[in-house]
Amino acid sequence: MQIIDNQVDFFSLVRQNAILESILDCIFDDLLIIDKKGFIIHISRNTSENLGANRDELIGKMLSLTPIKITRSDVPGDSFEHGCITGPSLKQNEVVIFSTDDEEIMAGCRRSFCFKNDTENIFKEVAKLKKTGTYLKQLSSVIGSKFGLEDIIGTSEAIAKAKSRIDIAAQSDSTVLLYGESGVGKELFAHAIHSAGKRKYAPFVKVDCASIPDTLLESELFGYEEGAFTGARKGGKPGRFERAHKGTIFLDEVGDMGLPMQAKFLRVLQEKEIERIGGIETLSIDARVIASTRYNLQEKIEKGEFRDDLFYRLEVIPIYIPSLRERKEDIPLLVNHFLKRLNKNLGKEIKYVSEDVMAVFQDYAWPGNIRELENAIEGAMNLATENIIGIKSLQLLQRRKITGSSTPPLMMGESVRDTESAHIRRALEVTKGNKLEAARLLGIPRSSLYLKLKRYNL
């Protein structure tokens, strides 16, 4: 098994995974592969048929394990677990469970197969399964989601309600629409939904609709054939939907998508098919769609800026992610989380923030939400001369002078754009046109500032 690095060809990984699954189906009459939490990540066709359950429905289901340890006298030094599994749509079945060295993956075989007086061959096949488990983990680390439910920090009622929707969304392949202001963590929620579902070992592909012009978005989503247009890559290029096959595609800020592109996207949702630009072949696509928006899409529908039929297709499972000012009781937890992470990244040893700083954090409106909080902490850590963040190192106070108030911005829509553009103008005035400094004061990346300047014609 070759070590998979960051330069690995994506499609090669997908092909290898398909080949491995085919081999496993041929080798074993009855086979389950489960992770350390008891979720099924592979099940052979024969096993699913013998259990009277749909194979695709079983992938990602959790099994309860009742193991009894037994040591085989005919295989010195080897041991395994012999127990029972029960789960959704499953009758109780005895299995043998082999744990890998790191206990990340366990291979379970039905007793009818495992006790065929072929102990030596069984353990050879288990060794192959260990390699397969390693491969699956490597595949997931390269193309899968980066975050899970545990990465969503907070215990407030508002965030707890949003997190509870993740479990609901994860058990389904229906489209999800994430609502929330910029900086609340919509991408984090999308990752968490993917990692908690049956597609977690498959690709997670992000598309930033706000940063890609519609003229380029079509080729990014659907790909193109060689010679489709001037400058087209030799051999063509697969689109994001192709890359997300069997996995999840996340369309960030879908409200920024133009009407012509919306029509093409709607067809993909309805037909589950795409055509590359310049191509004649229709490709079937199996990708779970998660979209996000900072806008009130119903207001955009009334203005003729968003298709109502697309909206209804997207909002099958709506999830509202609260702003930071709606969950201020979570700020201490978030501060500690960022301190730990940034200490490691920056080589610092900042232990805590002062009471005065925490009071400022609690009083501030956080128009940039969690992203702004993280940037404020990082800026303060760089200026701190001791192992504590005090008022003197808090650039946030200067930013409050710019906005002139801690009053939160108005609701999503045109009013937000008006408020945001006013803040940007004021920041540019204070910094005398220095865009880098203005971005720092506003708590946003410089690239985001450039996009907003273009959007607001500033």
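At a glance:
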{"read-out": "Semi-axis lengths, Å, region 151-245, gyration tensor of Cα atoms, sqrt of 5 times eigenvalues", "value": "33, 16, 9"}
{"read-out": "Contour excess over end-to-end distance, with Cα ends at residue 362 and residue 259 and 0.36 nm allotted per residue", "value": "33.0 nm"}
{"read-out": "Region 145-192: radius of gyration and largest Cα-Cα distance (Dmax), Å", "value": "10.4, 28"}
{"read-out": "Of 163/351; 200/328; 146/206; 200/264; 237/272; 163/200, those spanning more than 21 Å from alpha-carbon to alpha-carbon", "value": "163/351; 200/328; 200/264"}
{"read-out": "Region 426-458-region 141-215 distance, computed between alpha-carbon centres (Å)", "value": "28 Å"}
{"read-out": "For peptides 340-350, 259-269, 180-190, 201-211, sequence by mean Cβ density within 10 Å, most packed first", "value": "180-190, 201-211, 259-269, 340-350"}
{"read-out": "Approximate shape of region 149-320 as ellipsoid semi-axes (Cα gyration tensor, √5λ), whole Å, largest first", "value": "28, 19, 14"}
{"read-out": "Formal net charge of residues neighbouring residue 218 (Cβ-Cβ distance under 14 Å; K, R +1; D, E -1)", "value": "0"}
{"read-out": "Gain upon complete extension [residue 45, residue 303; 0.36 nm per residue less C-alpha separation]", "value": "87.8 nm"}
{"read-out": "Per-pair calculated FRET efficiency, R0 = 35 Å: residue 149 and residue 386 via Cβ, rounded to 0.05", "value": "0.50"}
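Read-outs throughout are calculated quantities, based only on the coordinates presented, and are distinct from any laboratory measurement. Note that this is a predicted model, so its numbers are computed, not measured. Note: ideal-geometry Cβ built from the backbone for every residue, glycine included; neighbour counts use all protein chains shown.
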